[in-house]
1. Please compute the per residue accessible area over region 1-69 with all protein chains in place, 1.4 Å probe, rounded to a whole number of Å².
2. Could you check the spin-label model distance between Arg197 and Glu264? Points 7 Å from the Cα along Cα→Cβ, value in nm.
3. Over region 224-319, what percent of the accessible surface lies on carbon and sulfur atoms, probe 1.4 Å?
4. Say each of Leu106 and Leu285 gets a label point 7 Å from the Cα, pointing the same way as Cα to Cβ; how far apart are those two points in nm?
Amino acid sequence: MGNNNVLAQKVLTGDVRAAAKLIRRIDDGDREILPTLAQLYSHTGNAYIIGFTGSPGVGKSTLVDRIVTKFREDAKTVGVLAIDPTSPFSGGAILGDRIRMQRHFLDEGVFIRSMATRGNFGGLTRSTADAIVVLDAMGKDVIIVETVGVGQDEVDIVNSAHTTIVVTVPGMGDDIQAIKAGLMEIGDLFVVNKADREGAGKTVRDILFMLQMNDERKRLEGWEAAVVECVATEKIGVDKVYSAILDHKMYLGDRGKLRLEKIERSRVLTQFMDLFKEGLLERGLKKIGGQETLDKVVSDIMSRDNDPYRASSEFLDAVISSGSR
């Protein structure tokens with residue numbers, strides 16, 4: 001407990017090394033740091049959280065780099081969590097794009113950390129929520145979460161962010177993919193990057209058309225998602241993207257207070273349920289015999305001597321009965 005107290009106090013003073021150490025342990029799935037996170041939680045709730053998502057290759061890292069610069073020009077401290085997919089074989093994450101943000105590494109007002117989902121129970125939301133607690137507690141004004149946009153992580157980002165930005169580029173067929181992935185529903189702002197490419201205007205029109213079909217809920221809440229063109233590498237249109245972000249932040253603090261409350265409630269509920277399910281699974285496995293029992297259950301299901309429906313029910317009954325003794 002003593003070490004937890006020391007680590008928590010260091011994070012609260014803005015100690016970069018302490019924050020990096022704690023986030024590394026979060027990334028590794030170390031449950032022993034939960035008491036530290038519990039100590040930090042009462043010091044959170046002040047940061048503005050922005051999520052960037054979109055397919056690989058759309059230039060999210062470059063755009064995030066430019067937006068970090070804009071916030072720094074406004075004297076805001078920034079934390080960046082770059083969430084990368086993890087190889088199910090090696091456990092390694094794809095971290096190459098982070099070199100594009102390297103010029104911020106020497107800026108004491110910016111904290112950048114790449115995280116790997118590692119396939120942990122709870123996925124992106126579980127590890128990201130804990131890392132956000134750390135950055136919020138250490139006093140960052142703005143926290144940017146960038147996901148590589150592969151699979152469920154692409155949609156899960158909405159459970160972590162106040163403002164969700166979907167980045168696309170012309171000519172990738174993202175209009176169709178967006179409908180499939182539900183991105184039209186989660187996006188508060190859509191950015192067409194690399195807008196100097198042929199077809200940028202069509203991409204904008206396609207997104208606007210789909211928003212008319214899919215964004216009724218947000219319009220009823222007083223917000224109409226903007227679609228902004230930019231060329232992040234050339235800093236073209238970045239000011240417009242930044243302005244649109246600030247517009248959404250202002251909306252949440254004014255006409256969108258009910259929307260902000262819904263976002264916060266969803267964030268808290270998701271974090272609580274992920275922790276609860278993870279703890280229940282861990283303790284449940286211990287009570288019924290651990291990995292050996294789990295392996296037998298899986299083998300029985302594979303051989304069709306049991307089925308996942310009955311097995312899960314039996315597992316739950318066994319956990320409940322063992323806890324009542």
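1. Working: 3050 Å² over 69 residues.
Here the residues of region 1-69 average 44 Å² of exposed surface.
2. For Arg197 paired with Glu264, the spin-label model returns 3.9 nm.
3. Working: 3720 of 6520 Å².
Heavy-atom surface of region 224-319 belonging to carbon and sulfur, 1.4 Å probe: 57 percent.
4. 4.5
The values are calculated or read from the model by the stated rules, or taken from the named source; none is laboratory data. Treat the numbers as computed from the prediction; the structure is a model and nothing was measured. Neighbour counts are summed over all protein chains in view; Cβ atoms, including those assigned to glycine, are modelled from backbone coordinates with ideal geometry. Protein only, heavy atoms only, side chains kept; ligands, DNA and RNA dropped before computing areas. Shrake-Rupley method; radii C 1.70, N 1.55, O 1.52, S 1.80 Å.
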